[in-house]
Amino acid sequence: MTRAASRPTPPRTPDGPPHAGAPLDDDRDTTGAPRARASESATSPPPEPSRADTGWGLPLAVIVVGMFMSVLNTTSVNVALASMANDLGASTDDIEWVVTAYNLGLGVVVPLSAWLGERLGLKRLYLLALVGFVAASALCGLAGNLTMMIVFRVLQAIPGGMIPVTCMTVLYRIVPPGKIGTAMGMYGLGMVVAPAIGPTLGGYLVEYVDWRLIFYVNVPVGLFGAVAALVVLPRLAATSTRRLDLIGFLCIAGGLFAVLLAVSEGADWGWTGYRVLILLTAGALLLALFVVVELEVDQPLLNVRVFRSWRFTNSLVLIALQSVGLFAVSFYVPIFLQQNQQLTAFHTGLVLLPQAAVMIVLMPIAGRVYDRFGARWVGVLGMGLAGVGILLLCRINPDLPRSSLIAALMLRAVGPGLAMMPITTSGISALPKQLAGAGSAYNQLVQRASAALGLAVLTSLSTAQQAQLTNDREALLTPTNPAAAGLVHGGFADAYGMYIQLHDDVLSHAYSDVFLVGGIASLAGMLLAFFLPARTRR
């Protein structure tokens with residue numbers, strides 16, 4: 001291997017920018033902004049023409065359909081796990097592998113997406129990913145047992161992981177720089193709104209139709225999206241013929257697989273068990289080796305020098321904090337509503353629906369505000385409101401009025417509705433255009449990994465709190481305690497009622513602590529948001 005510093009910067013090609021693994025441009029400062037040059041070479045290629053007049057709205061709408069479908073399917077499946085377990089004859093623990101297998105598949109394929117986009121062309125890769133997702137979804141709907149379902153979910157994760165990275169890279173290729181904020185606001189409808197309405201749609205299909213329709217519905221939507229992309233998307237040809245950095249791919253894929261498997265199974269295997277510790281150690285070593293390899297090879301899979309840009313790195317940290325809060329609420333509130341307030345899956349989805357409406361309204365507005373004023377104050381306000389909304393959920397209990405819960409969820413939704421897309425746009429815009437693919441891949445990796453790691457930590461906190469609180473409350477039920485003495489005369493009915501009350505009380509306190517951590521994490525992000533740019537660079 002040769003040192004990266006000695007290799008020349010790859011030239012632009014007529015079909016697009018240099019490959020996404022290219023080094024950061026030496027003529028850019030640490031924020032990614034271009035430095036002034038004393039002179040320009042007469043042989044320098046002309047800049048890409050502006051796309052402002054070529055019409056990017058319809059192509060953007062087409063890629064939003066694909067993005068929305070892939071994210072919606074992920075969140076819809078979660079509410080179908082119980083019905084799926086009954087039909088497939090699986091235990092509660094085993095059926096969780098339907099989700100775990102998909103997450104593991106994403107961790108492996110996302111780093112490969114940028115390279116495939118360069119070799120195959122973005123339009124071709126997007127079409128292949130959509131068709132592959134449709135085919136795998138149909139197979140998931142046909143699965144007759146748990147083993148088949150897990151295998152088909154892994155197959156579904158391969159195109160499912162490529163779609164978000166490809167969509168974001170396409171966006172940066174077809175949208176003029178001055179309209180990136182507005183475009184990202186529209187794009188964010190698929191990224192953030194889909195998790196909010198997924199439980200509603202999934203709950204309705206599970207309760208009134210069949211859980212298999214969650215997968216079958218992807219077939220017509222995906223085929224329509226593929227035909228529309230074939231007709232509408234401009235030609236985005238291959239931009240590189242570089243070979244795959246196989247060692248780098250094996251390092252990052254193996255590292256992410258090990259870490260995601262460890263955090264997914266840590267609660268069941270034990271966080272101090274040898275399997276989890278070995279996986280975490282192996283994952284950390286492989287990811288460290290990935291960094292070393294990418295700094296040395298001539299053609300890295302994903303250029304780690306993008307982290308020299310503070311704006312980009314800061315945006316990833318803020319996205320991680322947002323993702324932890326977003327997925328914590330999306331995961332724990334439905335469980336609470338169904339276990340403590342005995343709502344059905346569909347009615348649980350209806351409670352979560354108003355927050356989706358908030359994000360639908362705010363996303364396009366946030367994009368236009370970013371184009372005009374930059375990301376700083378939108379980010380600060382968004383992180384702050386998200387934190388306050390999550391902290392309001394600390395009051396959660398079986399008697400909490402539904403209106404108060406919905407109000408807290410809507411306030412929490414204002415945060416990602418305002419801040420998620422400006423933060424993402426600010427970070428990727430700080431990179432040279434040829435590194436948009438690598439930036440998109442890192443963006444997706446951080447979102448997936450932070451959500452998985454955050455949920456694992458919060459679940460461990462919740463489980464430990466429930467165990468401690470249960471032991472403390474049960475210790476109070478002594479024969480000399482009036483409440484316990486009443487059980488002797490009340491019989492089984494009173495004993496069962498007290499057990500339910502104890503369970504609900506313990507769950508409420510444990511979830512309150514989870515939301516406290518999530519709220520503090522979002523509020524801490526306000527400090528980092530002050531380092532976002534106050535206005536976009538034109």
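Under 13 Å from the Cβ of Thr100, count the other residues' Cβ atoms, weight Lys and Arg +1, Asp and Glu -1, and hand me the total. Net charge in that neighbourhood comes out at -3.
Sorting the segments 176-182, 165-171, 108-114, 239-245 by their mean number of nearby beta carbons within 10 angstrom, highest to lowest, gives 165-171, 108-114, 176-182, 239-245. Residue by residue, the stretch 387-400 carries 3J(HN,Hα) couplings of x, 5, x, 5, 5, 4, 6, 5, 7, 4, 6, x, 9, 5 Hz when phi is fed to the Karplus relation 6.51 cos²θ - 1.76 cosθ + 1.60 (θ = phi - 60°); x denotes Gly or Pro.
Take every Cα pair under 8 Å whose residues are at least 6 apart in sequence, average their separation, divide by the length of the stretch 303-538, and the relative contact order is 40 percent.
Read-outs throughout are calculated quantities, based only on the coordinates presented, and are distinct from any laboratory measurement. Since this is a predicted model, take the numbers as computed values, not measurements. Positions of Cβ are generated from backbone atoms using ideal geometry, with glycine treated the same way; all protein chains shown enter the neighbour counts.
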